[in-house]
1. Within 11 Å, Cβ to Cβ, of residue 82, how many net charges do the neighbouring residues add up to if Lys/Arg are +1 and Asp/Glu are -1?
2. May I ask you to list the GluC sites (Glu not before Pro) in the stretch 15-45 that are in a DSSP loop and have at most 10 other Cβ atoms within 10 Å of their Cβ?
3. Looking at this model, which pairs from 164/187; 142/200; 140/170; 170/200; 140/187; 142/166 are more than 20 angstrom apart at the alpha-carbon?
4. How tilted is helix 124-141 with respect to the longest principal axis of the chain? Cα atoms for both, answer in degrees (0 to 90, nearest 10).
5. Averaged per residue, what accessible area in Å² does the chain show with a 1.4 Å probe, protein chains only?
6. With +1 on each Lys and Arg Cβ and -1 on each Asp and Glu Cβ, how big is the dipole of the chain about its Cα centre, in debye rounded to the nearest 20?
7. Take the Cα coordinates of the chain, assign each an equal point scatterer, and use the Debye formula without solvent to give log10 I(q)/I(0) at q = 0.07, 0.09, 0.11, 0.13 Å⁻¹.
8. Just how far, in whole angstrom, is the stretch 130-174 from the stretch 10-53 if you go by their alpha carbon centroids?
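The values are calculated or read from the model by the stated rules, or taken from the named source; none is laboratory data. Quick caveat, the model's predicted, so the values are computed rather than measured. Please note: Cβ atoms are built from the backbone with ideal geometry, for glycine as well, and neighbour counts cover all protein chains shown. Quick note on the areas: whole protein, heavy atoms, side chains included, nothing else; ligands and nucleic acids left out. Shrake-Rupley method; radii C 1.70, N 1.55, O 1.52, S 1.80 Å.
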Amino acid sequence: MANRFKWYVVWVGDQPGIYDSWEECKLQVERFPNAKYKSFATKEEAVAAFRGDTSQQMDLLRSIVSGAGNRPVINYEAFPEIVVNSLAVDAACSGNPGVMEYRGVWVATGEELFHKGPFPNATNNIGEFLAIVHGLALLKQKGMTDTPIYSDSRTGQAWVRDHKCKTTLKRNDRNAALLDIVARAEKWLESNSYRNRIIKWDTEKWGEIPADFGRK
C-alpha cells in the first residue's frame, strides 16, 4: 500500500518552514498573499528543498526570511546546526539615543522569557549588552549552565567578554536608572563565572534572530 503521509515545505507564508501535516501547512498559507509551498513524499526531500539544495530555492528562502516582515524561521529542520534548546536575545532602539527595550526568547518554542523596557535616552548596544547579561544570570539561576545564548550583536558580545559596557552615552536624569542597571550588570560579570556559550546568530544564513522585535 502506498504511503500517503506527506511533508510540506512553506517558502512564502506566515511562518516559512517544514510541516508534517496539511492542516499545519494550511494555517501558514491560506490567507497569505502569493504563498509558495509544496508537498514532498519524504522528510529528506522536504529538508533538501527547504535548505535550498538548488540555488534558486536557497535564494528564495533568504529573501523570505529577510523580507517577510522579519518573521524568524521557527522550524529548524533546515538548519540542524542551530541549537534549539537555547536562549536568543535581542534589543531594539528607536533613535540613537532613543527609547530602547530588550528581551530573551526560548528558541525551541518562541516563548518570551524576559522583556525589559522601554528605557528612554538609551542605545541599542546597551540593550544588546544587558540582554546577554540578563540571559546569563537567568540561566545560572535556573542551573542551565550548558545552555547557549544566541545574540546577533558583535558589540554586545565583546562588551560582555570584557565585563564592561563601553558606551559613550552621557549620564542624565532620563537615563540614570538605566545606567545604574548597566553598573549592576558589569558587577555581576565581575563576580560571577559562567559556562554558557555565547554564539553569534548568523542572520544572513538563518534570518532574523528569534528574539527580533520585527521593526526594521
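1. Value of the local net charge: -2.
2. Answer by residue number: 30.
3. 142/200; 140/170; 170/200; 142/166
4. The angle comes out near 80 degrees.
5. That works out to 54 Å² for each residue.
6. In total the dipole reaches around 520 debye.
7. Taking Cα atoms of the chain as identical point scatterers yields -0.26, -0.42, -0.60, -0.78.
8. Cα centroid of the stretch 10-53 versus Cα centroid of the stretch 130-174: 36 Å apart.
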